[in-house]
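Note sheet for the following structure.
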Amino acid sequence: MTPMLAVLAVLASLLGAVSCEFSISIYAGYGFPLPNPNQPFKLPPASPPKNPRPDLKVGYYAANKCPQAEQIVKRAVEEATPGEKAGLIRLFFHDCFVQGCDASVLLEGPDTERTAFPNLSLRGFNIIEKAKAALEVECKGIVSCADIVAFAGRDASCSLSDGKINYQVPAGRYDGNVSRANDTFLNLPPPFGDLKLITDMFAAKGLDQTDMLVLSGGHSTGRSGCGSFTNSFSNRLQADNSSRAMNRTLADQLNTTCTADSVNVPLDYKTPYALDHQYYKNVQEHNVLFTSDAVLLESPETKVLVDSFARDPFFLSDIIPIGRNPWYDAFAKAMVKMGNWEVKNSTVGEIRQFCGKVNDKKTY
Ligand code: HEM
């Protein structure tokens, strides 16, 4: 057993030890429950948010004592590397799926979400901290870390898509005080997930199958560790005759590159730094890393969407496109929708002073 798998096995056994409503077989490849036909995987119910959701509003800070808030976040994101920008898009997703969009993913300490295996490869925390520090100077105690994560996800998407993805972010989230490593395993979809599992896991967050497919387009930028698609549970580089197999040329290249689990490779082998609709062409051509990407061709409904998002606009000349690929606007809409999930209000949340820790009640 490699050291990585040993760590995962320990994580998995810890997960098995906690009392929870799930009856699961433990999979030691990503710390996720393995869907078992004899023991159906029970998802958290797709219930309305537990806490009354405050009405999020576009321009919330403009009207609430910090008109320059969004500009400050934008400036911090502009200074980020393309890789950190990709990380910021993923950070927003991982925040919203575990305890809702409440910056619980940012909390530091033993057994917080941040320490859980699926979150060890997150990046962009430094950008959030930088924005928060600037905001505390300008408008102390006003702007939540949860909103900073949402703004940063938008600004990173805008920058990496060359302005094609741009949208207004309803804001007014409060920061949560609960962050548990174990919550990540049951709420974050695993890369080996099949179409039903990932569809159900998004449905549990109020997102339908189209939202899931649209948001998966986030995999048109950024990177993955080889261990995420070459583990003992699902080795995407092995010979595979099934319809979801990886394109053999890409698999052969990755077999050479992936000398260790920790080696990182681009998610999109063609346009790795752009957030663009190339992802859907990659799906069509089986040039995608994860099972969860490949399975998007497996139902008529999802295949139709993949085909329509893969299409290039018609060009009148070399540079004048006619029409617009619908994915960019769909991605913007789905990011706003994801950002509604289990938002906290002032009764159950706070505005953190530092994004990595809950406030010390005596001093703040
Ligand atoms: C369908 C469910 C999804 C699964 C199974 C999944 C899984 C993964 C995995 C395993 C990685 C690589 C982790 C590593 O080894 O470093 C990754 C990276 C990434 N994911 Fe997803 N993901 C999903 C949905 C999403 C969504 C909804 C978004 C955002 C809208 C997203 C955005 C990203 C980005 C941008 C990266 C690259 C991050 C970086 O370069 O730091 N993913 N994802």
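Look at the alpha carbon pairs under 8 Å that are at least 6 residues apart: their mean separation over the length of the range 191-330 gives a relative contact order of 28 percent.
Kirkwood analysis of the range 191-330, using all unique Cα-Cα pairs, places the hydrodynamic radius at 15.7 Å. Scanning residues 5 or more positions from Leu289 or on other chains, none has an amide H under 5 Å from its amide H, with H placed 1.01 Å from N in the peptide plane. Full extension of the segment from Asn241 to Ser317, taken as 0.36 nm per residue of separation minus the current Cα-Cα distance, would add 23.2 nm. Phi angles across the range 107-124 convert, under the Karplus curve 6.51 cos²θ - 1.76 cosθ + 1.60 with θ = phi - 60°, into 3J(HN,Hα) values of 5, 9, x, x, 6, 7, 3, 4, 8, 6, 3, x, 9, 5, 9, 5, 9, x Hz, Gly and Pro given as x. 3J(HN,Hα) along the range 178-185: 10, 8, 10, 4, 4, 5, 5, 4 Hz, from the Karplus curve 6.51 cos²θ - 1.76 cosθ + 1.60 with θ = phi - 60°, whole Hz, x for Gly and Pro. Fully extending the segment from Asn264 to Lys303 would add 11.2 nm, taking 0.36 nm per residue of separation and subtracting the current Cα-Cα distance. If you plug the beta carbon distance of Lys196 and Asp360 into 1/(1 + (r/R0)^6) with R0 = 56 Å, you get a FRET efficiency near 0.80.
Per residue, how large is the accessible surface of the range 191-330? Use a 1.4 angstrom probe and give square angstrom. Walk me through the numbers on the way to the answer.
Details: 6400 Å² over 140 residues.
Using a 1.4 Å probe on heavy atoms only, each residue of the range 191-330 averages 46 Å².
Beyond 21 Å in Cα-Cα separation lie the following of the pairs Lys65/Lys357; Lys281/Lys337; Lys164/Lys333; Lys132/Lys205: Lys65/Lys357; Lys281/Lys337; Lys132/Lys205. Close amide H partners of Ser224, meaning residues 5 or more places away or on another chain with modelled amide H under 5 Å apart, are Val265, Leu267. Sorting 111-117, 97-103 by average packing, meaning the other beta carbons within 10 Å per residue, from highest down gives 97-103, 111-117.
The values are calculated or read from the model by the stated rules, or taken from the named source; none is laboratory data. What you see is a predicted model; the values in this text were computed from it and never measured. Glycine gets a Cβ as well: all are built from the backbone with ideal geometry, and neighbour counts include every protein chain shown. When the accessible area is computed, the model is the full protein with side chains, heavy atoms only, and any ligands, DNA or RNA have been set aside. Shrake-Rupley method; radii C 1.70, N 1.55, O 1.52, S 1.80 Å.
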